[in-house]
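What follows draws every value from the coordinates through simple rules; no lab data is involved. Keep in mind that this is a model prediction, so the values were computed, not measured. Cβ coordinates were reconstructed from backbone atoms using ideal geometry, including for glycine residues, and neighbour counts include every protein chain displayed.
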Amino acid sequence: MLKRIVFTRIADNGVSICCPASEVIAWMGCGGFWDQHARGFIEMQIERQITCGVAPDVARRYAYAMQRGGCTTAEALAIIRDRDCAPYGRAIELWDLADVPVDYWFRNAWRRSHNGGPISIDLARAKRIQFQHARAAVMAMNSRLNSDMESFDRLVDIDWLRFRERIRSASDVRDLRGIWPTHLAVSCGGGPRRAEEGHAGGAALAALMGSVARREA
């Protein structure tokens, strides 16, 4: 699926990206998803969705589309939007995959205008994220070193107060990306291209950071 549903979260004004499943869109086109179940099963599914907080009309549209089919791709995407995105967000837009940022390093700092539109990065939030990434990387490195008899006495020691001031003084996101503990000998300048692709800094940074970037995503 080369489309993504982008919306601004009501809870914290952050940005979420919904990836509609191609299989679901296909079922909404051809129907028959619950053919193997007895009569009344669709109604049970509708009630379950309503119980989980889905609006009644949306729950019915989704269930009938999955069973009866007949939806175009645009109609299927509208149902997914109303069911999975609308309860949690505003300024909901359908984007081409090519327009979605490939760099997820500062995803928790993503912001959009009140009316939607392009994604920008909140520098103040990005600074906190960069500090968290660095702390996590150093802690992971020291954990590895400390568990090895040959390296437990070579733990990475960072002047965190000075490092924090460097981050605070960053004038823009590009400047911020260049601030990284030199002791690690790995720059985070590339960051993860996509949450599922790991880190452009290579295997060394991936090993250090573990799932940090995935949590940010």
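A dipole drawn for region 3-100 from +1 and -1 charges on Cβ atoms has a positive end, and of ILE10, TRP27, HIS37 the residue lying farthest that way is HIS37.
For ARG164, what is the net charge nearby, where nearby means another residue's Cβ is under 13 Å from its Cβ and Lys, Arg count +1, Asp, Glu -1? Could the numbers behind the result be given before it?
Values: positive: LYS127, ARG128, ARG135, ARG162, ARG166, ARG168; negative: ASP159, GLU165.
Local charge sum for ARG164: +4.
In this Cβ point-charge picture (+1 for Lys and Arg, -1 for Asp and Glu), region 102-151 has a dipole of about 360 debye about its Cα centre.
With both labels modelled 7 Å from their Cα along Cα-to-Cβ, the CYS19 to THR51 distance reads 3.0 nm.
Grab the beta carbon distance between ASP159 and LEU123, set R0 = 30 Å, and tell me the FRET efficiency rounded to 0.05. Can you show the working numbers first?
Working: r = 23 Å, r/R0 = 0.76.
Plugging the Cβ-Cβ distance into 1/(1 + (r/R0)^6) gives 0.85.
Taking other Cβ atoms within 10 Å as a rough exposure proxy, ILE121, ILE50 sort from fewest to most as ILE50, ILE121. Between region 84-101 and region 14-49, what is the C-alpha centre distance in whole Å? With region 84-101 and region 14-49 each reduced to a Cα centre, they are spaced 20 Å.
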